[in-house]
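Data first, discussion second: the structure below is written as structure tokens.
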Amino acid sequence: MKYGPIGLVVLVLSVAAFTTMQNPDLKTTLDTKVSLAKPVHANAADSGVRVDRSGYACAMFSVSTGQADNGTATGNVVVLIDSIAGTAAWQLVDSVTVDTVDNKTYKMGYKGVNRWIRLLARASGQAADTFAINGIAIQGCKRNG
């Protein structure tokens, strides 16, 4: 039992490190930001809130729908766009059609390299449509420095 106490300490520290690595604390590794400023669309576009990706290596959007009234069209299209400058030259990255069924959640991952991203909710084209759409940006993979 020459290494008994040292071996026990090494074992305890190894188990603690393994447990910590298996159960990361998401509240310290993920940040969120509301991305669609106007949650209710009555045949109107919403340009969304731009999100700065500096300091993060990965990002995604969670888009949720609530009440959908007078939904005569198939739905609204929510697009994910990115830009180097964040003020101009926005480019389409991904899109999803948000339909008239209440209480759904859609996700769009971002794999690009541009600094700024945002959602854009397009108008449905039907005057009576009202869609409750909320978008949240979720950023993670924090970079050091």
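The values are calculated or read from the model by the stated rules, or taken from the named source; none is laboratory data. This structure is a prediction, so every number in the text was calculated from the model and none was measured. Counting neighbours? That spans all protein chains shown, and the Cβs are built from the backbone with ideal geometry, glycine included. What goes into the accessible areas is simple: the full protein's heavy atoms, side chains included, and nothing from ligands, DNA or RNA. Shrake-Rupley method; radii C 1.70, N 1.55, O 1.52, S 1.80 Å.
Kindly write out, for region 75-84 in residue order, the coupling ³J(HN,Hα) from the Karplus curve 6.51 cos²θ - 1.76 cosθ + 1.60 (θ = phi - 60°), rounded to whole Hz, with x marking Gly and Pro.
x, 9, 9, 10, 10, 9, 10, 9, 7, 6
Tell me which residues come under 5 Å, amide H to amide H, from Tyr56 once H is placed; ignore anything under 5 positions away on its chain.
Close amide H contacts, sequence-distant or interchain: Arg143.
Measuring from label point to label point, each 7 Å out along Cα→Cβ, what is the Gln67 to Thr87 span in nm?
3.9
Considering amide H positions built from the backbone, and no H for Pro or chain starts, which residues 5 or more places from Ser35, or on another chain, come under 5 Å of its amide H?
Excluding prolines and chain starts, which carry no amide H, the hits are Gly135, Ile136, Ala137.
Can you give me the accessible area per residue for region 81-145, using a 1.4 Å probe, in Å²?
For region 81-145, the solvent-accessible area averages 58 Å² per residue.
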